[in-house]
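A short worksheet on the structure shown next.
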Amino acid sequence: MGQRLSTLLGWIEGLRASREVDVEEGWELQPVSGDASFRRYFRVISKGRSWIAVDAPPEHENSKAFVDIAKSWSAMGVNVPEVISADLEQGFMLLSDFGDRLYLPALLQGDAHYLYQCAINELFKIQQCDTDPLLGYDRGLLNREMSLFPEWFIKKQLHVDLNPSELEAMESVFSFLEGAALVQPLVCVHRDFHSRNLMITSTEAPGVIDFQDAVKGPITYDLVSLLRDCYISWPDADVYLWVNDFREALVEKGLLSHDVSKAVFERWFDLMGMQRHLKAIGIFSRLSMRDGKHNYLQDIPRTLKYITAVCHKYPELKSFKALIESRVEPAMSSVNGFDEAPL
């Protein structure tokens, strides 16, 4: 047993002994599937009841942000876990338990239109939450995220060295995408609002998790995370129907100007998606190379398809399309692990 797990067990037992939580003597701890971070999750089971214990090493994870946002969003009606107890110094939390039913398998088995409508209803609540304490998505942050693509994917994963003109072309595209993001209205952004961070619950409202990195950012960001999901894809006809329904609902709620046309909003959505997917591919490569989480490589082909589809739509991305076709795709064919995950 590792030292942190032993300390976590002692912390939970201390909560039980002090009656801070209604855990009975003889409780059990079971591991729960982790995520792409340094956090680990465990289920505390006692007499037919359960809670989620989180081990979030404070040198790597910001548990205070999670606790603060959970409190703020819960007050706005967002279905987030209740923080029952937290030790920020040690990086431990005890949360209410949403169960094991992620959106991802449910989308494949059920009515995607219904499930996405439930998720979008929750997204409207998030977008109206207080943004004052949150960091903003400025050019620096947007660029740092996209830079993960050439650093971890192109150079370290594919062993491709771009020449000065290719690097200059890439920086020009990054600047274009930054500008496209910053013209959008700013709202509260979850930043990872997708099928592995939404839970099926006993109500229509999905359980929302993994929100500690929330920022003040572009209005289409979370919609892109949801509908251009790196783990599951849908026909364009469905996606753009959902996108326009979202736009119309924003207008009706007074959250978006009537002047923002369907075409403008779709362009925002597409270009925001490209920015996010460049970041995601870089993160997937980093997870594989740095952290040994190689299963994320199988999500890169789907994510890259999103990028190339956007490049085909917009002339401003012609140079990036050529770069993908001439340097990236040939290099991918010589690297193992990129077999696309089955849906």
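When we screen Arg196, Arg144 for residues that are under 30 Å from Gly337 (Cα atoms), in a helix (DSSP H, G or I) and of a type outside the set (A, V, I, L, M, F, W, C), the only hit is Arg144. Among residues of region 138-166 that are aromatic (Phe, Trp, Tyr), those with a beta-carbon under 7 Å from a residue that is crowded, with 20+ Cβ neighbours inside 10 Å and assigned to a helix (DSSP H, G or I) at least six positions away or on a different chain give the pairs Phe149/Leu278; Phe149/Ile281; Phe149/Gly282; Trp152/Gly282; Trp152/Ser285; Phe153/Ile281; Phe153/Gly282; Phe153/Ser285. For Leu177, the criteria (1) of a type in the set (A, V, I, L, M, F, W, C); (2) buried (at least 19 other Cβ atoms within 10 Å of the Cβ); (3) over 18 Å from Lys321 (Cα atoms) hold in every case but one, which is (3).
Checking Leu250, Leu241 one by one, the residue that is in contact (Cβ under 8 Å) with a residue 12 or more places away in the chain, over 30 Å from Ile154 (Cα atoms) and out of contact with any Pro (no Cβ under 7 Å at 6 or more places or on another chain) is Leu250 and no other. When Arg101, Arg4, Arg19 are checked against the criterion of being of a type outside the set (Ser, Thr, Tyr) and more than 30 Å from Ser288 (Cβ to Cβ), Arg19 stands alone in meeting it. Taking region 134-148 as the search range and keeping residues that are surrounded by fewer than 19 Cβ atoms within 10 Å (Cβ to Cβ) and in contact with a strand residue (DSSP E or B) (Cβ under 9 Å, 6 or more places away or on another chain), which one is modelled with the highest pLDDT? Within region 134-148, the match that is modelled with the highest pLDDT is Leu141.
Figure legend. Inter-residue proximity from region 262-273: first residues farther than 21 Å from Phe320 by Cβ, second residues of a type outside the set (A, V, I, L, M, F, W, C), beta-carbon distance below 8 Å, spacing 6+ or different chains. Indicated pairs: Lys262/Asn244; Lys262/Arg247; Phe265/Thr220; Phe265/Asn244; Phe265/Arg247. Within the span defined as region 223-232, every residue fails to be of a type in the set (D, E, K, R) and either over 25 Å from Leu108 (Cα atoms) or not assigned by TED's automatic domain parsing to the domain that holds Ile209 (or both). For region 302-322, give me each residue that is more than 15 Å from Met170 (Cα to Cα) and modelled with pLDDT under 95. Across region 302-322, there are no qualifying residues. Might you let me know whether region 323-333 holds any residue that is outside any helix (DSSP H, G or I) and surrounded by fewer than 19 Cβ atoms within 10 Å (Cβ to Cβ)? Among the residues of region 323-333, at least one is outside any helix (DSSP H, G or I) and surrounded by fewer than 19 Cβ atoms within 10 Å (Cβ to Cβ), which makes the answer yes. Residue check: Ile281 meets all listed conditions (1) more than 30 Å from Lys156 (Cβ to Cβ); (2) modelled with pLDDT of 95 or more but one, namely (1). Please verify whether Ala205 is surrounded by fewer than 21 Cβ atoms within 10 Å (Cβ to Cβ) and not in a helix (DSSP H, G or I), treating the condition exactly as stated. Yes; evaluated as a whole, the condition is true for this residue.
Suppose we keep only residues that are assigned to a helix (DSSP H, G or I) and of a type in the set (Ser, Thr, Tyr) within region 217-276. Which one would you say is surrounded by the most Cβ atoms within 10 Å (Cβ to Cβ)? Taking the candidates together, the pick is Tyr221.
Is region 40-50 home to any residue that is of a type in the set (Lys, Arg), out of contact with any strand residue (DSSP E or B) (no Cβ under 6 Å at 6 or more places or on another chain), farther than 23 Å from Ile126 by Cα and not assigned by TED's automatic domain parsing to the domain that holds Met289? The answer is yes; a qualifying residue exists.
The values are calculated or read from the model by the stated rules, or taken from the named source; none is laboratory data. All figures in this text were calculated on a predicted structure; none of them were measured in a lab. All Cβ positions, even for glycine, are placed from backbone atoms using ideal geometry, and neighbour counts span all protein chains on display.
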